[in-house]
Structure formats: structure tokens, C-alpha cells
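Structure first, then comments.
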Amino acid sequence: MEHIAEGFVFPNELHITWTVMIVLYPYITGMVAGAFIVSSFYHVFGMEKLKSIAKFALVSSLAFLLFATVPLLNHLGSPMRAMNIMLTPNFSSAMSGFGFVYTFYLLIVVLEVWFCYREEIIDKYNSSRGIMKKLYYILTMGVTVKSDKAKEFDKKLIIFLAGFGIPVACILHGYVGFLFGSIKANLWWSTPLMFIIFIFSAIVSGLSVLIFLYQFVHWLRKKPVDQECLNLMGKWLWGFMIIAVVLELMEVLSIAYENTERWTILRELIDGKLLVSYVYLQIGVFSVIPFLLLCVTSLFKFDTRIKNFMIWLSSGMLLIQVLLMRWNVVIGGQLVSKSMRGFTEYFPGLFDKEGLIVSVLIIAIPFILLRQFDKIFPFFEKHGLLKKN
Amino acid sequence: MEKEEKLNDSESAKMERRQFLRLGLYSAAGVLCGSFFAFGKGDKDIVVDNYEDLLKYDWGFIVDTTRCIGCGACVRACKVENNVPESYFRTWVERYEIDSKGEIRVDSPKGAIESFQSDNFDSNDIVKAFFVPKLCNHCYDSACTQVCPVGASYESPDGVVLIDKERCVGCGYCVQACPYGCRYIDEEKGIADKCTLCYHRIHKGEAPACVNACPRNARIFGNLKDPNSKIRKILNQRRYGLLKAELGTNPKCYYIGLDKEVK
């Protein structure tokens, strides 16, 4: 394979080390963290308006979390040794905590889902037959009786888990940002702001995926949406996307204003290799348009059908915006040579091990899993929908 | 009588010529053997039986950029010695050319394994040109060993940054962290790889392959802990620079005649 480079790059830099798989990982964990934080808004801060989406947010978080490590495993040169990260961790490395943080967070999410659905699982166990009854029996963990006392206890535990989960979700995702931001060798990544940018973009992607799917599922099932919930989510999305985009632009602005040696090459990066994916697409199209749309939906009152469509469109566009942001950070940073004299080229192959088809599959699987989860843990309460009718 | 004398003269001349040739041959062999012992070896008398022995050494490296001629012999020697995969490099040579307008061009085609075949500039107004060999800096505070999540990258007791091939997971974090572009992922083996200073050679008292191959002694290798070592003496006498010293990696590869354009 012929590698193309502009200017001078160190000979080993012709190959990109972190491929599109490492773009997907922060994208997926971003949705995990974002969705979890949304569910916690209801459970911990008692935002009743979010009730109709809280369970969905929590289970989405689980579905994405279960697949978060897949792109990483696919990327590892020696995936069979993946457990070394927990068996022989080197604590001077930012990455060494990954296994522990991930496992801990997974435990919190699984427990919270279980406590949230415990009563429903018992109901399902009582009403089902055959293999399904056995499956539900396993899920009940042998406790098939409901009581008010237990319900109270469950509620307390859910609040504790959801509250405790917020910092852990922030750590899980902020720490991915830290992992990039702390690499002093990389001109585009090295900034202490990186982990804050990552947390806010995570919340944006989490809110976006929930709004997008919530509306899509209700449209598919021809059910009315909870308008209050959607309005609130739309406003939050508007707020968080402003913070995320402004932080990212301020970061570039401060590098430009400082005008140190690295700006000379980063300016060329933004003006050249990232002109389309960063300037035109991420900022120009997928940030400005949703911002304007959400300004309108948040500030003005008009036909809810149009409003909902605008919110839905914005959420879809912001999902792409966050994906572009991950690409521009992860790939963009590797395109600049550490020699500060040139750029390398990267585009994932179609059928490669770390190519586009595999990427699409990895992104699609959590959604398919989410569909299956809906059958075991129904997200949207039927009586809630009927009440709105 | 005269005839006999003439005969004796020519015979003695023959003898002298023969003796001269013999002497020449012996001295040539002597110089060859002597030089083999004198230059073929690094620091002599290296005995490593236990851990304490390793602590006597702190291997360092000098690159004298004023001596390098860009022949690429070091790159070829390294490739062969260490079986470095194609299109990756444990060492390479960069060429810098500056023209009268101050414009600078840098290149290292295939790491200069085939030396430099063509000129960078079309015009002939190059005012300054030089070569810079690069290799792992074996930093005292290396970023790569800091970031390795499984502890596969480590610094040996004698100051060489190495990779435990049995432990490396091939995550590539160290490749990102190295500011000098000295690491790569060996795709076939699925692990990170880099210059080992020819660790397998230096403990037999041999110099690293690149040092051995350099025809201009532009690469000097030795024990920094030994005050009488060649490397220590040179560092005491010459002025040198470090690559990207501002990053605090504290590199152990010292560059003599380092130009500000080299990063």
C-alpha cells in the first residue's frame, strides 16, 4: 500500500496507529455517559418531566456500554492479552484504570437497571410460561414476591446508584478525553480542556440519541410523545450543545491567539486536511444548523408537529456532529506529524479489519440490542401513553 | 667474477623484495586484527552475571550530525540485524537543505535505507545542508513507559527502554506518546516495537549494529556511568543539544551540531 504524505513526516508516522475504531469508542461511551446522566436527572434530581424517558435512557446506556469495548478489542494488536490491563496494570498510565472504571460503571448500570425493573420482572415471571418463565425466574434472582417495603428500599438504592453513577459516568468519559489531552507529544490533542470538552460532547450525544430514538419509536408505533418531556430535552440539548461547541472553538481560539510554534502547523491542519470534516461539516453544517433550529424550538411557540420534527432533525444532526468531532480529534491529531513539517493521509478501507463495514456493524449492534432489550424491559410505560391520549 | 657478483646482487634484491612483501603482509594482517579488536568492540570486559552488574551501566548515545554523510548504512544494518518490518524504522536518517531564500526542505525517503537518490531542490543555491540520524532517545523520563497500560514498556536497569513482547497488548498508546516517532506497531506480531540499542549485542561487548555500520563514526555508543568511556569524554568536551528538550522527557541521545530546524 502506497502511503501519501505532504511535507515531511517521520517515517513511522506514515501509518495511522489509532484508526476509526478509536473514533467509535469515545463516540459510544459518550452516548453511554450522556444517556445515563439524563436518566439520573429524573432519579436523583426528581425531574418528573423526564419520567417517560428515564427508563429508556438507562437501558440505552446499558446497551451501548455492553458494546463499548468491542471497537477497542478489534483494534488491539493482541486482543487475547486484553485482560493484562487488569492483571498487570501500570498505574502511571492513564489507560491502566480503564478496566476498573469500565467494570465498576457496568456494575452500577446493571444493578440500577435490575432495581428499576425488578417489579416488572416479577410480574412477567408470574404471567409467563415455559422457557420464558425460567428466564424471568433467573432475572428475579429467586425473589418472586413484591412488597411495599421492598419497593421503598429499591427506590432508595436506585437514587443512590444513579447519584453515584454520575461521577463515575463523568470519569469514564472524561477520562477518555484526558487520555487524549494528556499526550504532550501530540500538538492537536494536548490540552487540559480536552476532558471537559469530551464530557459535554458526551451529554450532547446522549441527549441526541435519546431524543432521536424516542421520537422515532413513537412515530413508528403511532403513539403520541410526551410533549413536556420532549420540550425539556430539546432545551437541554440546545444548552449543552452551545457549551460543547463554544468550549471547542475557544480551545482553538486560544491556541491561535497564543500563536506559539504549534499554531503554524495546526493552522495548516484546520485549513487543509480538516477543512471539510471540521470547518465545513462539524462546525458549519452540523453545529450551526441544529443551533439555529433549537434556538427556534426553545424560544418560540408554534405547531408542535413542526417543532418536534425540528427537534428530531437537530438531534440527528448533532449525533453526526459528535461523530465528526470524534473523528476530527482522533484522526486529525494523528494527521499532523510530530516533526511539525507535514501531514499524513488516512481513510479507512471498506472491507478492512478496522474498515468502514465493521464500523457500521459496531455502531448498529447496540441499536439492535436495544430493540431486543425493549422486549424484556419495556421502556415506555403503556399507561403513561394512554393517559396522554 | 663480475657476473657472480651481479647474480648475488639480483638474488639479494629478490630476497629483500620478498622480505618486504612478507613484512607488508604481516603488518597488514596485524593492523586488521588490531583494528578489529580496537574498533569492533564497544566497552570492553562486559560481564553481566546478576542484577547488580547491570547497575554499573547506563547506556547512552551520541549522534554527531557534523559527521553523518547520509549513506544509510546504519538504516540497512538495523533492518537486517533486527528484522524490522518493511516501511517501519528503528532508525532513519533525515536530510535538511536550506536555500538562499531561507526555505527549508526535509526528507527521509524510505528512512534513507537506500541513501538519498535525488536532490530536494531543483536549483543549486543551497546554502546549508546536513544529515541527522534519528533513533530512540532512551529517555530518562520516557513518555512511552509512562503511558504503557500493562507495564510492557519499561526501562532496563542499565538504562535502555525496552518492550516485553510477552506482555504488550498492542494498544498503540506508546506510539502516540513518543514525541520522536520512534515507535511503531508491528502489525504481524500485533505488538509495539522500537530500537533496543541492539540489547542482544551490547551485553556481549559489541556495539549496536548501526554504530558498527557507520563509516564516519557519526554514532557513538557507550556507558555514561564510566567516567573514562569514550562517550563521557566526548560529552565533557563537546557542545550538544537534545531533541524536544522542552517536553521534559530527558532524552539520552545527545546530538552534536544540532541545528534549530531539527525537531
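Relative to the longest principal Cα axis of chain A, at what angle does helix A:304-335 sit, 0 to 90 degrees, rounded to 10?
40 degrees
Can you tell me the relative contact order of the stretch B:175-263? Whole percent, Cα pairs under 8 Å, sequence separation 6 or more.
Relative CO of the stretch B:175-263 lands at 13 percent.
If I compute solvent accessible area with a 1.4 Å probe over the protein chains, what percent of it on the protein assembly as shown is carbon and sulfur?
Ligands and nucleic acids excluded, carbon and sulfur reach 62 percent.
Debye sum, Cα scatterers, the stretch B:147-217, no solvent: what log₁₀ I/I(0) at q = 0.17, 0.24 1/Å?
-0.70, -1.10
Given the DSSP H assignment, sum -39500 (n - 2.57) over each helix run of at least 4 residues in chain A and divide by its residue total; what's the result at 222 nm in deg cm²/dmol, nearest 500?
So the helix-based figure for chain A works out to -23500 deg cm²/dmol.
Ignoring ligands, DNA and RNA, how much accessible area is buried between chains A and B, both sides summed, with a 1.4 Å probe, to the nearest 100 Å²?
Using a 1.4 Å probe on protein heavy atoms, the buried area is about 3200 Å².
With N denoting the number of residues in the stretch B:51-256, provide Rg(C-alpha) divided by 2.2 N^0.38 Å, to two decimal places.
Relative to the 2.2 N^0.38 Å estimate, the stretch B:51-256 comes out at 1.04.
Just which residues of the stretch A:5-46 lose 10 Å² or more accessible area with every protein chain there, against their chain alone, with the probe set to 1.4 Å?
Hits at the 10 Å² cut-off: A:8, A:10, A:11, A:12, A:15, A:17, A:18.
Among all the lysines, which ones have a C-alpha under 24 Å from residue A:223's C-alpha, if same-chain residues fewer than 8 places away are not counted?
Hits, sequence-local ones excluded: A:49, A:51, A:55, A:124, A:235, A:301, A:307, A:375, A:382, A:387, A:388.
Using the alpha carbons of the protein assembly as shown, what is the convex hull volume per residue in cubic angstrom, as a whole number?
Looking at the protein assembly as shown, the number lands at 231 Å³ per residue.
Place a point 7 Å from the Cα of residue B:188 along the Cα-to-Cβ direction; which residues of the stretch A:74-114 have their backbone N under 19 Å from it?
Correct set: A:77-79.
Given DSSP loops and a limit of at most 15 other Cβ atoms within 10 Å, what is the longest stretch of chain B that contains no such GluC sites (Glu not before Pro)?
B:1-85
Cα-Cα pairs above 23 Å in the stretch B:48-141: how many percent? Don't jump to the answer; show the numbers that get you there.
Numbers: 1750 of 4371 pairs.
Above the 23 Å cut-off, the stretch B:48-141 has 40 percent of its Cα pairs.
In the stretch B:114-151, what residues drop by 20 Å² or more in accessible surface going from the chain by itself to the full protein assembly, probe 1.4 Å?
Buried on complex formation: B:146, B:149, B:150.
Before rounding to the nearest 500, sum -39500 (n - 2.57) across all DSSP H runs of length at least 4 in chain B and divide by the residue total; then give [θ] at 222 nm in deg cm²/dmol.
Counting only the DSSP helices, I get -9000 deg cm²/dmol.
Given a 1.4 Å probe and heavy atoms of the protein chains only, how would you sort B:252, B:233, A:155, largest accessible area at the top?
Largest to smallest exposure gives the sequence A:155, B:233, B:252.
Provide the three semi-axes, in whole Å and in decreasing order, of the ellipsoid equivalent to chain A as defined by the square roots of 5 times the Cα gyration tensor eigenvalues.
Semi-axes from the Cα gyration tensor: 39, 26, 18 Å.
For the stretch A:126-187, what does the convex hull of the Cα positions come to per residue, in cubic angstrom?
In the stretch A:126-187, the Cα hull volume divided by residue count equals 133 Å³.
Roughly how much of residue B:17 is accessible, in Å² to the nearest 10, using a 1.4 Å probe?
Solvent-accessible area, nearest 10 Å²: 150 Å².
Quick check for you: with a 1.4 Å probe and neighbouring chains kept, what is the accessible area per residue of the stretch A:13-388, in Å²? Working shown, then result.
Numbers: 16960 Å² over 376 residues.
Ligands and nucleic acids excluded, the result is 45 Å² per residue.
Taking each residue in A:326-338, count the Cβ atoms of any other chain within 10 Å of its Cβ, then average. What number comes out? Walk me through the numbers before you get to the answer.
Working: counts 0, 0, 0, 0, 0, 0, 0, 1, 3, 0, 0, 2, 8.
Mean partner-chain Cβ count within 10 Å for A:326-338: 1.
Which whole-number percent gives the relative contact order of the stretch A:13-388, counting Cα pairs below 8 Å spaced six or more residues apart? Mind showing how you got there, number by number?
Values: 473 pairs, mean separation 102.3, N = 376.
Answer for the stretch A:13-388 is 27 percent.
Can you give me the accessible area per residue for the stretch B:51-256, using a 1.4 Å probe, in Å²?
Working: 8510 Å² over 206 residues.
Result: 41 Å² of accessible area for each residue.
Can you list the residues of the stretch B:154-188 that have at least 50 square angstrom less accessible area with all protein chains present than in their chain by itself, probe 1.4 Å?
B:169, B:171, B:173, B:176
The values are calculated or read from the model by the stated rules, or taken from the named source; none is laboratory data. Quantities reported herein were computed from a predicted structural model and do not represent experimental measurements. Heads up, the Cβs are rebuilt from the backbone with ideal geometry, glycines too, and the neighbour counts pull from every protein chain shown. Ligands, DNA and RNA are stripped out before the accessible areas are found, and what is left, the full protein with its side chains, is counted by its heavy atoms. Shrake-Rupley method; radii C 1.70, N 1.55, O 1.52, S 1.80 Å.
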